[in-house]
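*Asks:* Right, I'll just put the structure down here and ask away after.
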Amino acid sequence: MFCPNCRYEFNVGVLVCPDCDEKLVEILPEDEKGPFTDDTKIVEVFQTSDRSILSFAKSILEENDIISIISPPIGIRGTAAVYQFFVNEYEADKARELLDGIEDSQAEAIE
C-alpha cells in the first residue's frame with residue numbers, strides 16, 4: 001500500500017498514512033513512483049527506534065530535496081522496533097550529514 005501524497009510504502013493492512021492522513025492506494029501510477037527505478041542503488045543512512053523522530057528526520061531530508069524511503073519497523077519480540085531510512089546512493093553522504101545528531105537535537109528541543 002502506498003500513500004499518494006508522500007509516496008511511502010506501507011504493509012498490507014495499513015489503510016491511512018500516519019504522516020499525511022491520506023487514504024492509501026495499492027499502486028501508484030507509473031509516472032508518480034518517484035526517482036527510484038529498478039537500477040537505483042539505495043543505501044541506509046539512518047536508523048531510529050523513536051517514532052517521534054521519523055517525521056522530523058523526513059522533513060529535514062525533504063527540505064534539502066532528498067527523497068527517502070523509511071522501512072517498515074523491524075525488530076524482535078520484546079525489543080523496540082527499528083526504522084531505517086534509505087536514500088539514493090549519490091545523496092547518502094549529504095543525508096548522513098543532515099541527520100547526524102538528530103536524536104540528540106530532538107531530545108534537547110523536548111527539554
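The values are calculated or read from the model by the stated rules, or taken from the named source; none is laboratory data. These numbers come from a predicted model, not from an experiment. Positions of Cβ are generated from backbone atoms using ideal geometry, with glycine treated the same way; all protein chains shown enter the neighbour counts.
*Asks:* Checking Ile69 against (1) surrounded by 12 or more Cβ atoms within 10 Å (Cβ to Cβ); (2) at pLDDT below 85: exactly one of these is not met. Which one?
*Replies:* Checking Ile69 against (1) surrounded by 12 or more Cβ atoms within 10 Å (Cβ to Cβ); (2) at pLDDT below 85, the one that fails is (2).
*Asks:* Given the structure, is Cys6 modelled with pLDDT of 85 or more, outside the structural domain of Asp100 (by TED's automatic domain parsing) and out of contact with any strand residue (DSSP E or B) (no Cβ under 7 Å at 6 or more places or on another chain)?
*Replies:* Values: modelled with pLDDT of 85 or more: no; outside the structural domain of Asp100 (by TED's automatic domain parsing): yes; out of contact with any strand residue (DSSP E or B) (no Cβ under 7 Å at 6 or more places or on another chain): yes.
The answer is no for Cys6.
*Asks:* So, one more: So Val25 fits all but one of (1) at negative phi; (2) modelled with pLDDT of 85 or more; (3) not assigned by TED's automatic domain parsing to the domain that holds Pro4; what number is the exception?
*Replies:* Tallying (1) at negative phi; (2) modelled with pLDDT of 85 or more; (3) not assigned by TED's automatic domain parsing to the domain that holds Pro4, Val25 fails exactly one: (3).
*Asks:* For the stretch 75-83, check the following and say yes or no: at least one residue is out of contact with any strand residue (DSSP E or B) (no Cβ under 7 Å at 6 or more places or on another chain) and part of a helix (DSSP H, G or I). Spell out how you get there, then give the answer.
*Replies:* So in the stretch 75-83, the residues out of contact with any strand residue (DSSP E or B) (no Cβ under 7 Å at 6 or more places or on another chain) come out as 76-80.
Within this subset, residues satisfying the condition of being part of a helix (DSSP H, G or I) are none.
No, that holds for no residue.
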